[in-house]
Every structure is written in structure tokens, then in C-alpha cells.
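What follows is one structure encoded as C-alpha cells, with my remarks underneath.
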Amino acid sequence: MAKRARKRVVFISSFLPRKCGIATFTTDLIANVSKAAKGEFEPLVVAMRSGDDLKYADPVKFEIRQNVKSDYICAADYINFSHVDIVSVQHEFGLFGGKGGAYLSLLLDRLKAPIITTLHTVLDEPEEPYRKSMIDLCEASYNVITMNERGVTMLGDVYGVSGKKVRLIAHGIPDLPFVDSNYYKHKFGMEGRKTILTFGLLSENKGIEIMLKAMPSIIEAEPSVVYLVLGMTHPNVLKHDGESYRFSLQRLVKRLGLEDHVIFYNRFVDDQELHNFLCAADIYVTPYLSRKQLTSGTLSFAVGAGKAVVSTPYWAAEELLADGRGKLVGSGDSKEIADAIVKLIENDKLFYSLRRRAYDYGRSRTWPKIGQVYWKLFSAKQLPVRIAAKSPLSAAETISSIAAPEPSLEHLKRLTDDTGLFQHAKFTIPNRDFGYCTDDNARALIAMAEYYAQHPEPEAVRLFELYLSFVMHSQSKDGSIRNFMNFDRTWWENEPANDAFGRVLWALGTAMAKSPSPAYMSIIKDRFDISVRLVEKQHPRGMAYSILGMSDYLKQFPGASDIKRQLEVAAGGLVRQYEENSLPDWQWFEDTLTYDNAVLCHALFVAGATLENERYLTVAGNSCDFLLEDCFNGEHFSFVGCNGWYERGQSRASFDQQPIEAAGTVMMLRAAYDATEDNRFLRLQRKAFDWFLGTNDLGLALYDFKTKGCNDALMRGGVNINQGAESTVSFLQSLLAIMETYAIIHKVRDGENKSPDQIDLLGQIAQKPIPIKGMPPVKGGNQKIDLEELA
């Protein structure tokens with residue numbers, strides 16, 4: 001008789017050794033399904049990572065970095081080629097990248113195997129990204145599992161999920177004996193003491209301080225009592241706030257004189273140690289502050305172990321402790337907690353009644369039984385075959401995840417030391433001979449603010465602070481800015497004219513508008529205010545950079561009259577420059593097209609939109625059309641070369657083309673769209689970005705996919721292989737701008753923009769050519785253009 005094939009199930013989840021509740025849940029689930037399947041089950045794990053360097057062992061077969069979109073797509077390919085029978089998703093919003101965990105859909109929409117999703121959180125009043133993400137997840141799933149009756153109701157009422165799709169399966173709990181706690185207390189040196197336990201990863205919403213404030217009254221009634229707080233601080237809390245919450249609890253213990261009655265165990269315990277703690281506890285407490293918690297593994301474990309439980313009435317507790325299985329008390333009410341615990345200590349009949357009812361209830365949801373329920377679901381014979389991945393990809397998906405590389409900080413970090421960002425490199429090796437400049441560090445500060453807004457990673461914050469420190473150090477007491485610094489950290493004397501002042505204002509403005517934390521705001525604003533009064537003393541490009549910074553400043557402080565006046569002065573100066581130099585055949589601000597030309601138009605688009613000034617917008621539009629007519633040939637961009645520039649009436653230099661020209665054009669075109677809602681600018685923006693990837697005069701990519709840096713120039717004979725700061729940051733800024741545009745397209749595609757005045761963006765992009773003043777339409781007249789041409 002032929003041996004029956006094993007059922008291959010891939011689990012998409014966090015996984016041990018990552019320290020989180022879902023990682024533990026998935027480990028327990030796999031172990032108990034394996035027992036139920038009796039050799040007919042083969043688990044594979046796709047582990048979700050979050051900036052960790054953990055080493056995974058079997059059954060982990062693939063790892064996904066939370067905020068890297070391409071990893072989700074590669075994971076889908078890996079799963080599809082692994083011949084799996086079932087995909088089990090362990091879903092918690094915080095595990096997955098994108099707003100509301102939306103990146104998960106990039107994976108699920110491409111899978112061929114049926115998907116069964118276990119929901120660890122269901123929100124009753126979700127913000128739109130979370131609502132949409134949940135709906136997409138449920139639509140992709142054959143079955144959706146919730147662990148709470150309330151979850152079943154919410155899935156139907158809030159998300160419109162059919163009841164036929166939903167399964168109610170309880171959170172598994174350890175199969176522990178009903179024991180006398182005194183037998184286990186010697187393991188922890190607590191013989192003869194009444195023991196209260198709370199365990200789980202610590203964070204402020206746990207309400208431990210409420211329990212601590214209840215302790216004096218409990219001690220008065222029972223002097224032997226000891227309260228154990230078991231568990232390390234949640235890794236996400238550690239990442240952002242360190243141990244501030246734990247330290248605040250320890251200070252409270254000292255202030256209340258509880259040192260002999262409270263013990264903190266600051267570690268992540270394994271199952272056996274946790275079982276010992278549970279068995280040693282007399283009373284289990286969850287004083288959580290928020291009602292909106294649908295599942296609780298810790299409370300489930302306590303109920304299953306037959307503990308007398310006192311809890312605030314969050315959703316999971318209301319169900320688990322119903323019918324006399326525990327005592328519910330008011331959230332945030334220390335007195336009520338104290339009264340309930342004292343009553344349990346003094347009333348043995350009540351104490352054992354709660355214990356027995358909790359233990360009996362838990363027998364139906366021990367892990368071996370939950371493993372059997374899941375195995376029955378996984379081994380069902382009638383599971384459908386899914387139709388594979390979305391095909392073709394939408395324009396939004398293509399822009400964001402396939403045709404553009406994922407943003408990487410790898411080469412930027414290579415060019416950065418503890419002082420700041422080096423100016424130049426020999427290939428990828430920082431060239432210390434030229435030291436640093438404020439221009440580049442200001443650009444990098446802008447890029448890190450933009451990067452963190454899309455990818456909130458600790459490394460981006462570290463670089464943000466480093467570049468901000470350099471920029472702040474460049475500022476003199478009078479508000480002027482020094483630009484060039486030697487490797488030995490000495491500033492140049494008599495440095496040449498530059499636009500560092502304007503770039504610093506731009507960087508500080510962006511750092512305020514997109515700050516990783518409000519804590520930076522006061523520091524950055526003070527620095528901005530010192531320098532902004534010197535705006536008039538600049539060349540045109542410096543004025544333009546300053547305009548961008550002041551406009552960002554006004555996003556935070558729209559009533560800042562002095563900044564508005566300075567913005568008007570700078571924008572008016574650019575308009576006068578244009579009017580003094582432009583001719584019918586030369587709609588430009590100067591007699592020569594030189595360096596970072598697009599920023600002049602960019603600044604006036606932004607100023608016009610910020611101040612609602614039609615004059616600024618008209619000049620921006622005219623000069624933008626002139627620049628596009630010069631550098632876009634209908635197929636690709638060809639920027640003015642720095643080897644001769646382009647003087648009016650003279651021949652135009654074709655080389656060496658600089659990455660900053662492409663970056664400036666990408667950002668200008670987005671600003672042009674924002675100011676005008678003219679959709680041609682978005683298609684042109686993508687084409688400007690493609691200059692980096694080889695859609696240029698030589699057909700050569702300047703972005704280096706191996707080093708994650710960008711070559712310094714497109715030269716007549718090829719690319720300049722040096723990968724310095726300006727080129728690398730220019731590429732990163734361009735890529736982030738494209739990703740931001742993708743978000744706009746995605747939003748409109750999904751119908752989230754409700755404005756009646758909003759143009760049907762994708763339809764317009766698909767149907768209209770790109771008209772450039774003085775040029776024939778692209779791709780021939782009114783020919784329809786497929787959405788995929790955006791990519």
C-alpha cells in the first residue's frame with residue numbers, strides 16, 4: 001500500500017527565537033499539529049523579521065524583512081515553487097510592513113495554495129488603511145480563524161466577512177495539572193507567601209502601575225503577599241523608549257515601600273519555566289488599561305492552569321472569565337483590584353470555586369486539542385486551488401516593487417563616519433582627501449527624513465541624527481553656514497561660493513515636516529529661525545532651496561507670518577530673475593542652463609501652491625516646459641552636461657550628465673503635479689527616474705545594484721564609476737519620491753480619494769500622451785497607452 005503523502009503547510013508568522021507572543025503561539029501550534037497528524041504533516045515557516053539579526057533553525061525556510069516589499073514577492077515565488085498544500089497566516093498588523101500591514105497583500109495575492117488565516121487582533125473602529133488591509137486579507141483567505149466570539153461578530157459587522165468563512169478556534173493553553181501552589185513555591189524561594197503573578201511582555205498599556213498602587217492595601221490584609229512581574233520589556237518598546245516604563249515601575253515600588261513585596265523578572269522565559277511560575281502562583285492578575293484586546297495568550301494560560309484570576313474587563317477577559325471563572329474589576333481602579341484580591345485571600349471557598357471553574361473550562365482548549373482542530377482543518381480534502389498571482393501587475397505595484405529597487409542605506413552607511421557624510425569616493429571607498437561638505441550632509445538629512453517617513457527603521461534615525469548634528473555644527477552664531485570641512489574636522493578658510501545655506505534651510509524644513517519624533521522639533525526650529533533672516537543674500541539656487549525649506553516649515557506652523565514674508569521675498573526674487581532674463585525662445589532665469597536646473601521651477605511650483613500665487617505658478621509652468629523641451633526627447637531624458645553647460649545661442653553640452661539633474665527633475669515633476677493636478681507630470685516623473693536605470697543616452701544604468709550606490713556621472717565613454725555622496729543621495733531621493741508617487745496612485749486606484757474634483761488619475765495617465773510645448777505628442781497622437789508604461 002502506497003505511503004500517504006505528508007501535508008505541507010507553510011506558516012507566515014514571527015517565530016522563535018524572536019521574542020513575541022505570536023512567535024510562541026506558532027511554535028506551540030506547529031508542535032501540537034505535528035502530534036495530531038502522526039507523521040503526516042510537514043511544516044515550513046516563513047519568518048517575519050523586524051530589524052533583528054536572529055539566527056533561525058528548522059522549520060524556518062525563508063525570512064521576510066518587514067519593510068522590504070520585494071521580500072514579500074520573493075517569498076510568494078518561494079512558496080509557489082515549494083509545492084505547499086496550505087498557507088497558514090498568523091496575522092497581527094504590527095508584523096507586516098506598509099500602512100496597516102498592507103505589504104502582506106503583495107505576497108498573498110500571488111499564492112496558488114489556499115490560505116487559512118488566524119487573526120490575533122480585530123479592530124472595531126479601524127482607520128482606513130487597517131480596514132482595507134483586513135478586508136484584503138479576508139478576501140484572500142479560504143478560512144479566517146478568530147479566537148473570540150466577539151471577533152466573529154466584528155468580522156461580519158465591521159468588515160463584511162461572510163460567516164461561512166469564519167471559524168472560531170480558541171487560543172491553545174498548556175495542559176497543566178490542577179496543583180497546590182505551595183508545592184512549587186520552593187523553586188523560587190517563596191514558601192509560606194501568598195503569590196500574585198502577572199506575566200507577558202511589558203508595555204505601558206499593561207497597567208502594572210495600577211496593581212502596584214493596590215499592593216499597600218493587600219499587604220495590610222496579608223503581610224506575606226508577594227507580586228511577581230514576569231517578562232521582559234516588549235522589543236518594540238525597547239527599540240523606541242528603552243526601559244523607561246520598567247524604571248518608572250521600579251521607582252513607584254520604592255516610593256510605595258514595596259521592595260520586599262514586588263519582584264521583577266526581566267527576561268523572556270521558556271515554556272517549562274513559565275509552567276513553574278504559573279503553578280507557584282495563587283492569584284493571577286491582568287490590570288490592562290485598554291478594553292480592545294481580543295486575544296490574550298497569557299490570560300488563556302492562567303485560566304487553563306486553574307488560577308484564581310482578577311482582571312480588568314478587556315474583550316478577551318470578558319469571555320474567558322464569564323460564568324464565575326474569574327473576577328472582573330474596573331479598569332484603572334486600584335481600590336477595586338485590592339478589594340477583589342483581599343476577598344480571594346480571605347475566602348477559601350470563593351478562591352477554589354474560581355480555580356475549579358477556570359480549570360474545567362480550560363480542558364476544552366488545551367494545546368493537544370487545539371492541535372487536533374487545526375489539523376482537521378489543514379487536512380480537509382476539499383480545499384480549493386487558488387488562481388495564482390495578479391497578472392499583469394498594476395501600475396502601482398510595478399512602480400513600487402518590481403521595476404524600481406528597494407531603498408537601501410548600505411552605500412550611504414559606507415560613506416558615513418562618526419563626523420558625517422564624505423563628499424567623494426574612489427569607486428565605493430570613501431576619499432578622505434576631500435573631507436566633508438554641508439551640502440551633502442544637508443541632502444542626506446532630507447533623504448533620511450523622507451526615508452523614515454516610508455521605512456521607520458532605527459538605522460534611519462541614527463543617520464538622521466548624525467547628519468543633523470553636522471548641519472547644526474555648520475551654522476555660525478550669525479546664522480551663516482560653513483560648507484567645506486577637512487577630514488581633521490577643521491573648516492576651510494575662504495571657501496568658494498556655494499549654496500549650502502539654502503540647502504541647510506531646506507534640510508531643516510524637511511526635518512520639521514517629516515521628523516522621526518516631535519522631540520526634535522524645538523531644536524530644529526531654533527536653528528532654522530537663526531538663519532532664515534539671511535535668505536535674501538543668496539544666488540538663485542540658494543533661494544530655491546530656501547523656498548522648499550520655508551514651505552515645509554509652514555506645513556508645521558502655517559500661521560508663521562515672518563516665514564511667509566521671507567518666502568514671498570525669495571519667490572519674488574526668482575520671478576524677477578526670470579523676467580529679466582527670459583525671451584520668447586529662452587524661458588529661463590539665467591543666460592545659461594547649468595547645475596540642478598529643475599530646482600528653480602520646483603521652488604516656484606511649491607511657493608505658488610503654498611501661497612496660492614498664480615504669478616509664481618505661471619513662471620514655474622513656463623520655465624518647466626522650457627526645461628522639459630530641452631532635456632526630454634520623447635523617449636528618454638538627456639540632461640545638460642556639466643562639460644560646457646548650455647549657454648543661450650551656443651551648442652549644448654551632452655556630457656557629463658549628473659545624477660543631481662535627474663533627482664531635481666524627479667522632484668520638480670512631483671511638485672508640478674501637486675500644484676496643477678496635470679497627470680502628464682507623473683508619467684514624466686517615472687521617465688526621469690528611469691535615467692538612473694539605463695533609459696538614457698548610452699543605455700547604461702548609473703545605479704549599481706550590487707553596491708547600492710550610484711555612479712557619479714554619465715560620460716561620453718560610459719559611466720564614472722566613482723560613487724560619491726551627491727550621486728548616491730540623489731538616487732535615494734529620487735527613489736523615495738517615486739515611492740511616494742506610487743502611494744498616491746495606489747490610493748486613487750483603490751478609490752480612497754473621495755474629492756469630487758480629483759481627476760481619474762490612472763485613466764488619465766493611461767489614455768493621454770505627454771504633451772511638451774513645441775513637441776509632437778509622445779507615442780503618436782491620441783494613441784492609448786497601457787498603464788504599465790508608468791513602469
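Shown for the range 235-392: the carbon plus sulfur share of the solvent-accessible area, taken with all protein chains present and a 1.4 angstrom probe, equals 53%. All other residues with a Cβ under 9 Å from the Cβ of Gly509 taken together, and with Lys, Arg as +1 and Asp, Glu as -1, what is their net charge? So the environment of Gly509 carries a net charge of 0.
Considering only protein heavy atoms, what per residue accessible area in square angstrom results for the chain with a 1.4 angstrom probe?
The answer is 41 Å² per residue.
The magnitude of the dipole of the chain, with charges of +1 and -1 set on the Cβ of Lys/Arg and Asp/Glu and taken from the Cα centre, is near 3280 debye. Between Lys376 and Glu647, the modelled labels are 8.7 nm apart [label points 7 Å from Cα along Cα→Cβ]. Set the bar at 26 Å for Cα to Cα. Now go through Lys61/Lys687; Lys19/Lys61; Lys239/Lys335; Lys99/Lys555; Lys164/Lys327 and name every pair that lies beyond it. Check vs 26 Å cut-off fails for Lys61/Lys687; Lys239/Lys335; Lys164/Lys327. Dipole of the range 549-659 computed with +1 at Lys/Arg Cβ and -1 at Asp/Glu Cβ about the Cα centre; of Val569, Gly559, Leu593, farthest Cα towards the positive end is Gly559.
Given a 1.4 angstrom probe, I'd like the percentage of the accessible area of the range 613-728 that is carbon and sulfur, rounded to a whole number. Result for the range 613-728: 44 percent of the exposed heavy-atom area is carbon or sulfur. Stretching Lys369 away from Met715 to a fully extended chain increases their span by 117.7 nm, per 0.36 nm per residue minus the current alpha-carbon distance.
Taking other residues whose beta carbon is less than 11 angstrom from the beta carbon of Lys185, and scoring Lys, Arg as +1 and Asp, Glu as -1, yields 0.
Each part reduced to its alpha carbon centroid, the range 302-318 and the range 63-86 end up 37 Å apart. For Lys381, the aspartates and glutamates whose Cα falls under 13 Å of its own Cα, not counting residues fewer than eight places away in the same chain, are Asp85.
Can you find, among Asn494, Ile145, Cys279, the residue sitting farthest towards the positive end of the charge dipole of the chain, where Lys and Arg contribute +1 and Asp and Glu -1 at Cβ? The one lying farthest along the dipole's positive direction is Cys279.
Using R₀ = 51 Å, calculate the FRET efficiency as 1/(1 + (r/R₀)^6) where r is the Cβ-Cβ separation of Glu459 and Glu125; round to 0.05. Using R0 = 51 Å, I get an efficiency of 0.95.
Using a simple spin-label model with pseudo-atoms 7 Å out from Cα toward Cβ, Phe557 and Glu629 lie 4.2 nm apart. All other residues whose Cβ lies under 14 angstrom from that of Leu344 are scored, Lys and Arg at +1 and Asp and Glu at -1, for a net of +3. Counting only lysines at least 8 places from Lys413 when in the same chain, those with an alpha carbon closer than 16 Å to its own are Lys426, Lys706, Lys708. Protection proxy ranking of 252-262, 726-736, 144-154, 473-483, by the mean of other Cβ atoms within 10 Å over each peptide's residues and highest first, is 726-736, 144-154, 473-483, 252-262. Computed over protein heavy atoms with a 1.4 Å probe, the carbon and sulfur contribution to the accessible area of the range 461-520 reaches 54%.
Taking the Cα centre of the chain as the origin and placing charges on Cβ (Lys, Arg +1; Asp, Glu -1), which of Leu111, Gly608, Ser353 is farthest toward the positive end of the dipole? About the Cα centre, the residue reaching furthest to the positive side is Ser353.
Most tightly packed first, judged by the mean number of other beta-carbon atoms within 10 Å of their residues, the peptides 213-224, 415-426 read 415-426, 213-224.
Protection proxy ranking for 289-299, 681-691, using the average of other Cβ atoms within 10 Å per residue and placing the highest first: 681-691, 289-299.
Adding -39500 (n - 2.57) for every DSSP H run of four residues or longer, then dividing by how many residues the chain holds, sets the calculated 222 nm ellipticity at -14000 deg cm²/dmol. The phi torsions of the range 615-627, fed into the Karplus equation with coefficients 6.51, -1.76 and 1.60 and a -60° offset, translate into couplings of 4, 4, 5, 5, 5, 4, x, 5, 5, 5, 4, 4, 5 Hz, rounded to whole numbers, with Gly and Pro shown as x. Here each label is just a point 7 Å from Cα along the line to Cβ, and for Glu410 and Asp77 those points are 1.6 nm apart. Summarising the amide proton neighbourhood of Val262: residues at separation of 5 or more, or on other chains, whose placed amide H is nearer than 5 Å comprise Tyr227.
Using a cut-off of 12 Å between alpha-carbon atoms, which aspartates and glutamates can reach Lys537, once sequence neighbours fewer than 8 places away in the same chain are excluded? Filter leaves Asp499.
Out of all DSSP beta bridges with both ends in the chain, state the antiparallel percent to the nearest 5.
30 percent
So how do Glu590, Glu493 rank on accessible area, 1.4 Å probe, biggest first, that is with the largest at the start?
Glu493, Glu590
For the chain, taking a cut-off of 4.7 Å between Cβ atoms, the unpaired cysteines are Cys20, Cys74, Cys138, Cys279, Cys437, Cys631, Cys642, Cys710.
The values are calculated or read from the model by the stated rules, or taken from the named source; none is laboratory data. Not measured: the values here are computed from a predicted model. Cβ: placed from backbone, ideal geometry, glycine included. Neighbour counts: every protein chain shown. The area values use the complete protein model at the heavy-atom level, side chains included, leaving out ligands, DNA and RNA. Shrake-Rupley method; radii C 1.70, N 1.55, O 1.52, S 1.80 Å.
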